[in-house]
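What follows is a short report on a single structure.
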Amino acid sequence: MNILGKIKVTTELPPELARLKDIAYNLWWSWNNEAIDLYRAIDLPLWEKLNKNPVRFLQEVNNMKLRRILSDQTFMAQYRDVVKRFDQYMTDTGDTWYARSYQDKLSENIIYFSAEYGLHEVLPIYSGGLGVLSGDHCKTASDLGLPFTAIGLFYKQGYFNQRINRDGWQETAFTALDISHLPIRMVLDTEEKPIVIYIDLPGRRVYAKIWQVCIGRINLYLLDTDIPQNNQYDRGLTARLYGGDRETRIQQEILLGIGGVKALDALGIKGTVYHMNEGHSAFMVLELCRKLIYGNNMSFNEAREVVTSSSVFTTHTPVPAGNDVFPLEMIDRYFSDYWEQLRLHRHEFMNLGLKPSDPHNFNMTVLALNMSGKRNGVSELHGAVSRNIYNSIWPGTTEDDVPISHITNGIHTLTWLSPSYKYLYDKYLPNDWQDKLYEPGIWDAIDRIPDEELWKIHCELKAKMVKFVREKLKLQYRLNGMPLSEVDMLDRLPDENAFTIGFARRFATYKRANLIFRDMSRIERLLNNINMPVQIIFAGKAHPADRPAHEVIKHIHDISRAEGFKGKVFLVENFNMTLARNLVQGVDIWLNNPRRPLEASGTSGQKVCINGILNFSVLDGWWCEGYNGKNGWVIGDNTLYDNEFHQDDADSQSLYNTLENQIIPLYYQRNEQGIPVKWVKLMKESIKSLTPAFNTHRMVQDYTRNFYIPCIDRVKQIKSSDYNFVRVLSSWKEKIRKSWPQVRILAYKEENALKDKNVKSDESVTFYAVVQLGSLTPDDVLVEVYYGLVDGNKISQGESVEMTVVGQHDSSAFLYSATFSITDGGEYGYSFRVVPKHAGLFNKYEMPFMKWATD
């Protein structure tokens, strides 16, 4: 029989439950489990079948069940309570953290650009940690009441679905999303027509419509090229996240950056601050410059001052593959007509994105760094690593003074917190704990929770996780045609009573997923100890083009099938937010062993600690700041290795020794009631010490105080001067560029050089330097003594002291001096340096000019 046609029947909500639809179309529900409980109460099997999608649920739920629930007084009371809470959240904008802190800045707009957003599994437009971080940032911006708008792309096929076939190889598949099932709405104009923007690509114009996603109080706008105005190729431009070749990538990034700015204009949203989350959106800064040049009759350098004053850039990885670069010939093809609009020559345009060590590629991270006034890595260590990697952009500048700071990543606590733990915290923590997640004192009450109550919840969540993983593995095994006997084995495996190690994240090779198998005989003995059984659950996707990462997946799969490991090692396919949520709430310990220092931050370990799970990690990323000696364990130490083989050997030995001698025995050390009291003590310390520090409420407050507000204040200063501020500053910078070759520190007289002078602790020492300034004046420069302990031929932990003019050597040379004392004993080295100085500089060392004294 042939189907002649289709009719879609949508359930009509009773008026008494109409607000369920409003809540379904606002992702506020995704971090408020009381809202989720409403849908679950109506029809739990349907809710689970539809993958916890409230929009689709309301379309397909049985009308009789809706009518029946109307007579359930308990449900209706819960419904009214949730609706009341939702309405209060949406309308009570005057009592948010931002409103209380920055009452005079409520009319400003912070614009956030990211290539991916991990908000919930129903909207799979994310690939991993970067997207989840973006989603958590947005949710927290809503919670804190920031005037915040996010921009991204709508990938109708999302990121790929992963299959691990019978031979252990990753296979990728893409599925088109059904828009009618998603919590998004098309943006229409006053005539109810789609708002459409366009970008110019070589030989053609590409159009995009705009979708709106409501995330609590804030909006995310997604650009979509799948519209009739485009040819077939361009309609697929936004189909897949990180899909296609390099041509697709640059086109997507032009759409995100330049198209994103045009979308804001079409929506009537005027940004004050623009935050680039990674370099994918960095073309945005060029479009902002272009608008200023034509709208305010500026030169490029003047426009650049405005844009850098309003731009924030966050770099998320030191790994080269995570930083997009494009050959210069590609930039020629896409931007040869564009740089003229910026009033630039080709070489001037190219220099914006050139890293000195790679003059043949246009680097998006370098473009973002060059065009931002505030720049950061995502942990303290990553900030230092980034200053090292990009030191060459500021030649001569000491690494510590490179203007890249850090704000350590966090997680949106209520998104990742198990409802069971939430109710437990409601019981024992102060009533307002959810509003004060970032206050350490709030979490001291964790010690009031009885050990048996905490352990009971952990065991229940572990059993839930094991059940979920079993069902996933059964389906996986069946699809691979595994023998029925092996499928049936999953009725009892994984074992909910065995000590369970979790490892789930992107399978990039630097994350070393298979490090634990470096000594096969040793890990086999550890897994098969009948008195202290151990099992490991792995999950993660490899980028389709990353063949070495595919081989890591294959390696772990083969081990999981081998004698001595079968039933002890499990590899679960298609890692997503649903699987992640189960694992971070249910395993016993979270394993993280990247190759130090390549993990910029990592946030999966932050998700487990709020759920009472302990971390076992290399001292990399956030764990360098989080570990306090009694809230988890470390693998290895701070050693930096030149030889990866030696590093893997040392780290694997540390991993085995710590598991065998500390972690596993402690887990199985139980009291008469079967509770591992010492383990639970560590769980409490982990929750108490890590939760207030590693959440996005603290993180977004840091961004606001350190970046957003200074940018807002500076933009206000610029505009209040009718842009004269940037015209003066730009003119001064041009003077510095032309005159800087004349600047040098002259040779010293012996009595002033103080070479090899011995002084006592706290004894004052006076330093002198004669500085040739050429056509500049002392007001244009800052002269400093730079000193610190001698480490080989270098100065370590250097500090600087400003010098003052005490005389004039000749018409263009000036005598500087500084007097200070050093308290701590040791051998100190010193030198002198000169940098440009102006009251209008956003950062002390922002200009790439620093002159040092030479022998």
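Would you kindly calculate the translational diffusion coefficient of the range 268-426, applying Stokes-Einstein with the Kirkwood radius from alpha carbon pairs, for 37 °C and a viscosity of 0.692 mPa s, and quote it in µm² s⁻¹ without decimals? Once the numbers are plugged in, D ends up at 191 µm²/s.
How large is log10 I(q)/I(0) at q = 0.16 Å⁻¹ when the Debye formula is applied to the Cα atoms of the range 60-214, each weighted equally and without solvent? Ignoring solvent entirely, the Cα scatterers give -1.20. Evaluated at q = 0.11 Å⁻¹, the base-10 log of the normalised Debye intensity for the range 528-684, with identical point scatterers placed on the Cα atoms, takes the values -0.49. Summarising the amide proton neighbourhood of Val569: residues at separation of 5 or more, or on other chains, whose placed amide H is nearer than 5 Å comprise Ile536. Shape descriptor for the chain: Rg over Rh equals 0.99 (Cα atoms; Rh from the Kirkwood inverse mean 1/r).
Remark: the range 256-412 carries 31 Å² of accessible area per residue (probe radius 1.4 Å; ligands, DNA and RNA excluded). Within the assembled protein chains, the solvent-accessible surface assigned to Tyr294 is about 130 Å², based on a 1.4 Å probe. Share of the chain's accessible area from carbon and sulfur, percent, 1.4 Å? About 48 percent, which is the carbon plus sulfur part of the accessible surface.
Heavy-atom accessible area per residue, the range 74-158, 1.4 Å probe: how many Å²? Please list the in-between numbers first.
On the way: 2630 Å² over 85 residues.
Ligands and nucleic acids excluded, the figure is 31 Å² per residue.
The residue list Leu381, Val781, Phe707 was ranked by how far each Cα lies along the charge dipole of the chain toward its positive end, using unit charges on Cβ atoms, and Phe707 comes out on top.
Throw me the Rg/Rh for the range 357-508, computed over C-alpha atoms with Kirkwood Rh, two decimals. Here Rg/Rh amounts to 1.15. Round to a whole angstrom and tell me the spacing of the C-alpha centers of the range 386-408 and the range 806-834. Taking the Cα centre of each part, the range 386-408 and the range 806-834 sit 24 Å apart. Each peptide among 831-837, 302-308, 104-110 gets the average number of other Cβ atoms lying within 10 Å of its residues, and from highest to lowest they stand as 302-308, 831-837, 104-110.
In this view, the solvent-accessible surface of His809, computed with a 1.4 Å probe and all protein chains in place, comes to about 110 Å².
Across the range 175-188, rounded Karplus estimates of 3J(HN,Hα) from the backbone phi angles (6.51 cos²θ - 1.76 cosθ + 1.60, θ = phi - 60°) give 10, 5, 6, 8, 4, 5, 9, 9, x, 9, 9, 5, 8, 10 Hz, Gly and Pro being marked x. Taking amide H positions as modeled 1.01 Å from N, with prolines and chain starts lacking one, the residues under 5 Å from Leu119 and 5 or more places away or on another chain are Ile125. Residues Thr398, Thr500, Thr766, Thr91 ordered from highest to lowest accessible area at a 1.4 Å probe: Thr91, Thr766, Thr398, Thr500.
What does the charge dipole of the range 348-412 about its Cα centre add up to, to the nearest 20 debye, if the Cβ of each Lys and Arg holds +1 and the Cβ of each Asp and Glu holds -1? Before the final figure, lay out the partial values.
On the way: 4 positive and 6 negative charges, 33 e Å.
I would put it at about 160 debye.
In the chain, helices alone account for a calculated mean residue ellipticity at 222 nm of -11000 deg cm²/dmol, with every DSSP H run of four or more residues adding -39,500 (n - 2.57).
Using the C-alpha atoms of the range 756-800, what convex hull volume per residue, in cubic angstrom, is computed? Show your work: numbers first, answer last.
Working: hull volume 5.9 nm³, N = 45.
Here the figure is 130 Å³ per residue.
Shape descriptor for the range 244-360: Rg over Rh equals 0.94 (Cα atoms; Rh from the Kirkwood inverse mean 1/r). Highest-first packing order for the peptide set 376-386, 66-76 is 376-386, 66-76, based on the mean count of other beta carbon atoms within 10 Å.
Using +1 on the beta carbon of Lys and Arg, -1 on that of Asp and Glu, and nothing else charged, what's the dipole of the chain about the Cα centre, debye to 20? Let's see the in-between values first.
Details: 98 positive and 104 negative charges, 397 e Å.
Value, rounded to 20: 1900 debye.
Provide the per residue accessible area, probe 1.4 Å, for the range 26-68, rounded to a whole number of square angstrom.
Details: 1790 Å² over 43 residues.
Each residue of the range 26-68 exposes 42 Å² on average to a 1.4 Å probe.
Residue-wise HN-Hα couplings along the range 2-17, as the Karplus relation 6.51 cos²θ - 1.76 cosθ + 1.60 with θ = phi - 60° gives them from phi, are 8, 7, 7, x, 10, 10, 9, 9, 10, 5, 9, 6, x, x, 5, 10 Hz; Gly and Pro carry x.
Going from most exposed to least, what order do Glu496, Glu453 have by accessible area with a 1.4 Å probe?
Working: Glu496 80, Glu453 50 Å².
Descending order: Glu496, Glu453.
Cα convex hull of the range 1-88: how many Å³ per residue? Write down the numbers at each step before the final one.
Numbers: hull volume 9.9 nm³, N = 88.
Per-residue hull volume (Cα only) is 112 Å³.
If both residues of a DSSP beta bridge must be in the chain, then about 60% of such bridges are antiparallel.
Counting only C-alpha contacts under 8 Å and six or more residues apart, can you give the relative contact order of the chain as a whole percent? Intermediate results must be reported in sequence, preceding the final value.
Working: 1507 pairs, mean separation 88.6, N = 855.
Once divided by the residue count of the chain, the mean separation gives 10 percent.
Output the peptides 46-58, 143-155 sorted from most to least packed, where packing is the average of other Cβ atoms within 10 Å over each peptide's residues.
Working: 46-58: 18.5, 143-155: 25.3.
Final packing ranking: 143-155, 46-58.
In the range 701-741, if every C-alpha pair distance is counted and binned at 10 Å from zero, what percent goes to each bin? Computed distribution, short to long bins: 28, 31, 30, 11, 0. Counting heavy atoms of the protein chains alone, Lys474 has an accessible area of about 30 Å² for a 1.4 Å probe.
The values are calculated or read from the model by the stated rules, or taken from the named source; none is laboratory data. The model shown is predicted, which means the values in this text are computed figures rather than measured ones. Note that we place each Cβ from the backbone using ideal geometry, even for glycine, and neighbour counts take in every protein chain shown. Side chains included, ligands, DNA and RNA excluded: accessible areas come from the protein's heavy atoms. Shrake-Rupley method; radii C 1.70, N 1.55, O 1.52, S 1.80 Å.
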